[in-house]
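Reading through the structure tokens given below for one structure.
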Amino acid sequence: MVTDLFTTLEQKLELVLTKLNALQEANAALEKSLGEKDQALKEAEAELARVSREREMVRQRIDTILNRLKFIETGESA
């Protein structure tokens, strides 16, 4: 009777340890995926910042060209 209880306890402990191992592996996979997504997000943010800077530079150049054209239209020199 006592040996049956120990056998049952050992089986349950083995089941718990198996589930724990599976959960640890799943957690490691999720952490890796999260790290990859974090890196992708940082790269996307950097690209967005670069594009925003380029857009601002283009806007400034267009403003400069438009201002020069205004001077031409009014007969003044730039």
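Quick note: the coordinates plus some simple rules give every number you see, no bench work behind them. Small disclaimer: the values here were computed from a predicted structure and weren't measured. Please note: Cβ atoms are built from the backbone with ideal geometry, for glycine as well, and neighbour counts cover all protein chains shown.
Using alpha carbons only, what's the Rg to Rh ratio of segment 1-45 with Rh from Kirkwood?
Values: Rg = 19.4 Å, Rh = 13.1 Å.
Looking at segment 1-45, the ratio lands at 1.48.
Tabulate in residue order the Karplus-calculated ³J(HN,Hα) for segment 47-64, using 6.51 cos²θ - 1.76 cosθ + 1.60 with θ = phi - 60°, rounded to whole Hz; enter x for Gly and Pro.
Here the 3J(HN,Hα) series is 5, 4, 4, 4, 5, 5, 5, 4, 4, 5, 5, 5, 4, 5, 5, 5, 4, 4 Hz.
Treating the beta-carbon of each Lys and Arg as +1 and of each Asp and Glu as -1, no other charges, what is the dipole magnitude of the chain about its Cα centre, to the nearest 20 debye? Write out the running numbers ahead of the final one.
Values: 12 positive and 15 negative charges, 100 e Å.
Result for the chain is approximately 480 debye, rounded to the nearest 20.
For Glu47, what charge total do you get from the other residues with a beta carbon under 14 Å from its beta carbon, if Lys and Arg give +1 and Asp and Glu give -1?
Neighbourhood net charge equals +1.
What number in nm² do you get for the chain if you take the convex hull of its Cα atoms and divide its surface by four?
6.7 nm²
I'd like to know which of Thr64, Leu20, Gly75 lies farthest towards the positive end of the charge dipole of the chain, counting +1 on Cβ of Lys and Arg and -1 on Cβ of Asp and Glu.
It is Gly75, whose Cα lies furthest towards the positive end.
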